[in-house]
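Colleague: Input: one structure, supplied below.
The values are calculated or read from the model by the stated rules, or taken from the named source; none is laboratory data. As the structure is a prediction and not an experimental result, all values here were calculated from the model. Cβ: placed from backbone, ideal geometry, glycine included. Neighbour counts: every protein chain shown.
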Amino acid sequence: MQITRLAIPDVLRIAPRVFGDERGFFYESFRQDLFETAVGRKVSFVQDNHSGSAHNVLRGLHYQVRQPQGKLVRVVRGSVFDVAVDLRRASPTFGKWVGEILSADNKAQMWVPEGFAHGFVVLSDSAETIYKATDYYAPEHERCIAWDDPQLAIGWPIAQAPTVSAKDRGGLSLAAADLFD
């Protein structure tokens, strides 16, 4: 596995070593020991999530203020632009974002630690995204930051307004959001 720290060093891009031939391919999509060495701590995943989305659907920017979730995100069909936003007030990268293209072709994953908002936009005709989470989904603690907050100025690679849910249309600005210490 090739593990790369992104511009926000706590966010990682993980690219597997893929073995392929005329029959197809094989790769390890997750190895606990290598993952924990990369993040520098023990991590337990308690829930796997799988979403399917059409072209130009944008999901996010989601996080939980209690029971915060670290997420290990990968795409098994299509491609997305995956984004993490640092919501930790004490962090030197507070309010900054990083984004990576994750696709079924590149097989890359992104580690989005606790204390970050997460979202993605679908670049292909459709996409299926799978992610492991470090805590259980708790809708009473879920929050949403506006995907188009001008303070964040996320460089979404889209040519037109995305399709978003009613919940995501109601996302707050970073300035008005519940944050982490």
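Colleague: Condition first: part of a strand (DSSP E or B) and over 30 Å from Phe19 (Cα atoms). Can you find one or more residues in the stretch 100-110 that meet it?
Modeller: No, every residue in the stretch 100-110 fails to be part of a strand (DSSP E or B) and over 30 Å from Phe19 (Cα atoms).
Colleague: Ok, one more. Mind checking which pairs have a first residue in the stretch 45-72 that is under 14 Å from Thr129 (Cβ atoms) and part of a loop (DSSP other than H, G, I, E, B) and a second that is of a type outside the set (Lys, Arg) and modelled with pLDDT of 95 or more, Cβ under 7 Å, 6 or more apart or different chains?
Modeller: What qualifies is His55/Val122; His55/Ser124; His55/Asp125; His55/Ser126.
Colleague: Is the stretch 76-90 home to any residue that is part of a strand (DSSP E or B), surrounded by fewer than 12 Cβ atoms within 10 Å (Cβ to Cβ), at pLDDT 95 or above and touching a strand residue (DSSP E or B) at 6+ places or on another chain (Cβ under 8 Å)?
Modeller: Within the stretch 76-90, not a single residue is part of a strand (DSSP E or B), surrounded by fewer than 12 Cβ atoms within 10 Å (Cβ to Cβ), at pLDDT 95 or above and touching a strand residue (DSSP E or B) at 6+ places or on another chain (Cβ under 8 Å).
Colleague: Can you name the number of the only condition in (1) of a type in the set (D, E, K, R); (2) part of a loop (DSSP other than H, G, I, E, B); (3) over 19 Å from Asp10 (Cα atoms); (4) modelled with pLDDT of 95 or more that Glu28 fails?
Modeller: With respect to (1) of a type in the set (D, E, K, R); (2) part of a loop (DSSP other than H, G, I, E, B); (3) over 19 Å from Asp10 (Cα atoms); (4) modelled with pLDDT of 95 or more, Glu28 is out only on (4).
Colleague: Separate question: Please find, within the stretch 117-150, the residue that is surrounded by the most Cβ atoms within 10 Å (Cβ to Cβ) out of those that are among the hydroxyl-bearing types (Ser, Thr, Tyr) and part of a strand (DSSP E or B).
Modeller: Filtering the stretch 117-150 for residues that are among the hydroxyl-bearing types (Ser, Thr, Tyr) and part of a strand (DSSP E or B), the one surrounded by the most Cβ atoms within 10 Å (Cβ to Cβ) comes out as Tyr131.
Colleague: On to the next question. Sort through Val112, Val76, Val98, Val80 and tell me the only one that's under 15 Å from the mean Cα position of the chain (by Cα), farther than 25 Å from Pro150 by Cβ and of a type in the set (A, V, I, L, M, F, W, C).
Modeller: Val76
Colleague: What is the residue count in the stretch 104-153 for residues that are in contact with a strand residue (DSSP E or B) (Cβ under 6 Å, 6 or more places away or on another chain) and polar (S, T, N, Q)?
Modeller: Of the residues in the stretch 104-153, 4 are in contact with a strand residue (DSSP E or B) (Cβ under 6 Å, 6 or more places away or on another chain) and polar (S, T, N, Q).
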